[in-house]
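Engineer: One structure, as structure tokens, below. Some questions next.
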Amino acid sequence: MLDSLLSLGGLVLLRDSVEWEGRSLLKALVKKSALCGEQVHILGCEVSEEEFREGFDSDINNRLVYHDFFRDPLNWSKTEEALPGGPLGALRAICKRTDPGPVTIALDSLSWLLLHLPCTTLCQALHAVSHQDSCPGDSSPVGKVSVLGLLHEELHGPGPVGALSSLAQTEVTLGGTKGQASAHILCRRPRQRPTDQTQWFSILPDFSLDLQEGPSVESQPCSDPHIPPVDPTTHLTFNLHLSKKEREARDSLILPFQFSSEK
Amino acid sequence: MAAVATCGSGAGSTGSAVATASKSNVTSFQRRGPRASGTNDSGPRLVSIAGTRPSVRNGQLLVSTGLPALDQLLGGGLAIGTVLLIEEDKYNIYSPLLFKCFLAEGIVSGHTLLVASAKEDPANILQELPAPLLDDNSKKEFDEDVYNHKTPESNIKMKIAWRYQLLPKMEIGPVSSRFGHYYDASKRIPQELIEASNWHGFFLPEKISSTLKVEPCSLTPGYIKLLQFIQNIIYEEGFDGSNPQKKQRNVLRIGIQNLGSPLWGDDICCAENGSNSHSLTKFLYVLRGLLRTSLSACIITMPTHLIQNKAIIARVTNLSDIVIGLESFIGSERETNPLYKDYHGLIHIRQIPRLNNLICDESDVKDLAFKLKRKLFTIEVDFIS
């Protein structure tokens with residue numbers, strides 16, 4: 001399912017952490033959508049353009065449209081090629097494009113945007129971008145838009161992360177055990193139950209995605225959810241069981257309302 | 001003075017009264033019979049609004065929430081002038097259904113709708129409303145689902161419903177005068193019902209430009225616009241009695257979706273101590289003032305699981321009249337718990353108002369669970385726990 005993440009459209013949130021980084025997965029998904037022939041826009045804020053393009057071969061590099069906000073984020077050099085409005089302005093400009101066809105926008109990273117912009121503005125902009133294809137009757141039919149956002153979840157409190165994940169159509173949380181990375185994918189379709197799935201994967205050096213089976217089952221020692229049932233009749237201050245003598249005494253007892261020969 | 005002079009020689013006060021009565025042919029006993037609509041006195045005219053009924057307990061005018069089971073738990077329905085707040089479940093699957101049932105009930109009863117959302121276009125929301133069940137046959141089988149007791153009373157209910165089968169089938173025209181309808185969640189409302197209804201939509205991205213400066217301690221611009229919109233509609237269509245209405249008096253049903261989420265421009269879900277953390281509470285206060293002075297009822301869904309500051313949730317609960325929390329079992333450990341296997345989640349009734357009363361109409365049952373069957377959303381008493 002990891003390879004069909006972009007087919008659903010909308011906002012795909014990649015949550016990574018220090019141990020399990022997500023930029024390689026982001027680049028793998030970017031490469032996949034570039035190979036499918038979609039238009040790919042990158043908003044690079046956290047790493048330089050050379051570092052992002054490293055590892056891609058030249059035909060993919062030619063397909064990527066890179067908007068650089070790393071070198072000069074506040075536009076102090078005032079060159080003509082600077083994009084007006086900052087990263088959000090670039091996002092809106094991508095939305096207003098006129099040519100149809102599916103578009104993938106990769107945000108590297110959403111954490112950078114959260115630290116520089118108010119969370120509400122960012123949420124509104126992401127919602128406007130990712131739901132653009134559902135507005136009817138508005139000039140030309142535009143293709144589906146997928147927004148891939150990389151979020152370093154350790155940098156933020158539960159508030160912004162919760163707000164962004166409630167907006168996201170798909171949420172991929174990276175984790176893993178013992179050298180093997182896993183992606184926990186939570187897919188929210190509107191008006192349906194969310195589905196989740198864990199997929200083990202690894203990224204090859206040329207940034208293609210290699211899906212794998214999970215690690216072997218017996219090497220998971222402490223994931224046993226079954227606790228042995230505790231016997232509640234131990235350690236009681238009163239006695240629940242009868243000894244043999246007591247049982248015989250009980251059986252030979254004459255009940256008061258029974259008429260017998262002695263009475 | 002003139003009256004006294006003309007009958008000053010009369011026998012007494014009763015005599016003078018009779019004299020004046022015979023003079024002007026008007027008695028002091030006036031029959032309050034059915035009058036033509038458009039008169040301005042209270043009394044039996046209140047009952048003439050379709051889709052409403054007075055409460056049997058305190059005489060408040062009630063509208064149906066769209067789910068008869070929920071109406072029963074709330075003491076008959078939602079009182080006019082009050083706010084029903086629904087705390088959304090975590091993945092926002094079941095709260096839109098309650099929202100849509102409320103709006104669909106408004107369309108079927110002929111009320112005016114006002115739908116406000118920052119997420120979806122109100123026209124799209126109206127397209128997805130559930131279809132009302134019009135057939136009495138299907139009403140019978142859903143009666144026995146809703147009352148899930150294993151007592152002989154359910155047999156009696158079946159018998160009563162069987163008698164209704166002999167009556168001619170109720171054809172529901174554009175407006176139905178029944179209180180509370182059942183809705184089929186798997187079908188869409190027929191298009192002609194939507195077109196015959198009067199509705200107003202408020203979609204935030206269309207109404208607001210993104211570069212407004214907000215001064216601190218005031219309402220978020222989105223909320224200001226929404227309040228102005230609601231106030232305009234109430235004033236122009238005469239729900240507060242300001243414009244004398246030529247046609248029949250009607251009820252305005254307001255539905256606000258996802259209030260408090262970041263898409264409305266409010267940051268209570270993002271930060272614990274935001275810059276305008278009083279924005280939502282001020283909005284609710286002003287909204288309640290607007291509602292109390294007009295013939296309207298409001299439903300609000302709010303993602304309270306995202307709100308970081310728990311004090312805000314407490315204030316919001318105090319500022320609303322009825323608060324219902326939905327807790328779905330998806331993703332929690334209760335999903336696999338065999339005790340809950342028939343249900344999809346729990347309903348918590350957190351607050352019921354005391355309107356013109358000293359006590360509120362609390363139901364005795366506290367453990368309520370809901371399930372969404374193939375067609376119907378039912379609320380049942382959870383007998384297990």
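Engineer: Among what's in the stretch B:35-56 and is out of contact with any Leu (no Cβ under 9 Å at 6 or more places or on another chain) and modelled with pLDDT of 80 or more, pick the residue that is most open to solvent (accessible area, probe 1.4 Å).
Structural biologist: The residue in question is B:56.
Engineer: Let me ask another. Quick check on residue B:106: is it at pLDDT 90 or above and in contact with a Lys or Arg (Cβ under 7 Å, 6 or more places away or on another chain)?
Structural biologist: Spelling it out, residue B:106 is indeed at pLDDT 90 or above and in contact with a Lys or Arg (Cβ under 7 Å, 6 or more places away or on another chain).
Engineer: Which residue out of B:281, B:301 is under 17 Å from residue A:163 (Cβ atoms) and either assigned to a helix (DSSP H, G or I) or away from chain A (no Cβ under 12 Å) (or both)?
Structural biologist: The conditions single out B:301.
Engineer: State all residues of the stretch B:317-336 that are open to solvent by 20 Å² or more (accessible area, probe 1.4 Å), away from every other protein chain (no Cβ under 14 Å) and in contact with a Lys or Arg (Cβ under 9 Å, 6 or more places away or on another chain); if no residue qualifies, say none.
Structural biologist: Correct list: B:317, B:319, B:327.
Engineer: Answer with yes or no whether residue A:17 is surrounded by fewer than 21 Cβ atoms within 10 Å (Cβ to Cβ) and touching an Asp or Glu at 6+ places or on another chain (Cβ under 6 Å).
Structural biologist: Here the answer is yes, as residue A:17 does meet what is asked.
Engineer: Pairs only if they're at least six apart or on different chains, beta carbon under 8 angstrom, first in the stretch A:180-206 and within 14 Å of another protein chain (Cβ to nearest Cβ), second of a type in the set (Asp, Glu) and open to solvent by 60 Å² or more (accessible area, probe 1.4 Å); list them, first residue then second.
Structural biologist: Hits for this filter: A:184/A:196; A:185/A:196; A:186/A:196; A:187/A:196.
Engineer: How many residues are in contact with a His (Cβ under 8 Å, 6 or more places away or on another chain) and assigned to a loop (DSSP other than H, G, I, E, B) if we restrict to the stretch B:55-88?
Structural biologist: Number satisfying all stated conditions: 3.
Engineer: Continuing with this model, one more query. How many residues does the stretch B:288-316 contain that are surrounded by fewer than 18 Cβ atoms within 10 Å (Cβ to Cβ) and among the hydroxyl-bearing types (Ser, Thr, Tyr)?
Structural biologist: The number of residues fulfilling the criteria is 1.
Engineer: Among B:205, B:216, B:190, which is the only one that is at pLDDT 85 or above and within 14 Å of another protein chain (Cβ to nearest Cβ)?
Structural biologist: After applying the criteria, what remains is B:205.
Engineer: So, one more: Which condition from (1) open to solvent by less than 60 Å² (accessible area, probe 1.4 Å); (2) within 14 Å of chain A (Cβ to nearest Cβ); (3) at pLDDT 80 or above; (4) not in a strand (DSSP E or B) is the one that residue B:276 breaks?
Structural biologist: Condition not satisfied by residue B:276: (3).
Engineer: Do we have residue A:188 as modelled with pLDDT of 85 or more and basic (Lys, Arg) here?
Structural biologist: yes
Engineer: Would you point out the residue of the stretch A:101-111, among those that are open to solvent by less than 10 Å² (accessible area, probe 1.4 Å) and not small (Gly, Ala, Ser), that is nearest to the other protein chains (Cβ to nearest Cβ)?
Structural biologist: Across the stretch A:101-111, the extreme among qualifying residues is A:110.
Engineer: Quick one: would you say residue A:186 is surrounded by 14 or more Cβ atoms within 10 Å (Cβ to Cβ) and not hydroxyl-bearing (Ser, Thr, Tyr)?
Structural biologist: Against the criterion (surrounded by 14 or more Cβ atoms within 10 Å (Cβ to Cβ) and not hydroxyl-bearing (Ser, Thr, Tyr)), residue A:186 qualifies.
Engineer: Still on this structure: Against the conditions (1) open to solvent by 20 Å² or more (accessible area, probe 1.4 Å); (2) assigned to a strand (DSSP E or B); (3) of a type in the set (Gly, Ala, Ser), where does residue B:271 fall short? Just the number, please.
Structural biologist: The number of the failed condition is (2).
Engineer: Just wondering, is there one or more residues in the stretch A:112-128 that are open to solvent by less than 50 Å² (accessible area, probe 1.4 Å) and either modelled with pLDDT under 80 or among the acidic types (Asp, Glu) (or both)?
Structural biologist: Looking for residues that are open to solvent by less than 50 Å² (accessible area, probe 1.4 Å) and either modelled with pLDDT under 80 or among the acidic types (Asp, Glu) (or both), one finds none in the stretch A:112-128, hence no.
Engineer: Something else: What's the total number of residues in the stretch B:95-119 that are open to solvent by less than 10 Å² (accessible area, probe 1.4 Å), within 14 Å of chain A (Cβ to nearest Cβ) and over 14 Å from the mean Cα position of the chain (by Cα)?
Structural biologist: Counting residues in the stretch B:95-119 that are open to solvent by less than 10 Å² (accessible area, probe 1.4 Å), within 14 Å of chain A (Cβ to nearest Cβ) and over 14 Å from the mean Cα position of the chain (by Cα) gives 3.
Engineer: Could I ask something else about it? If I go through the stretch A:157-177 residue by residue, how many of them are within 9 Å of chain B (Cβ to nearest Cβ) and out of contact with any Asp or Glu (no Cβ under 8 Å at 6 or more places or on another chain)?
Structural biologist: 7
The values are calculated or read from the model by the stated rules, or taken from the named source; none is laboratory data. These numbers come from a predicted model, not from an experiment. Positions of Cβ are backbone-derived with ideal geometry, glycine not excepted, and every protein chain shown enters the neighbour counts. Remember, those area values only see protein heavy atoms, side chains included, never the ligands or the DNA or RNA. Shrake-Rupley method; radii C 1.70, N 1.55, O 1.52, S 1.80 Å.
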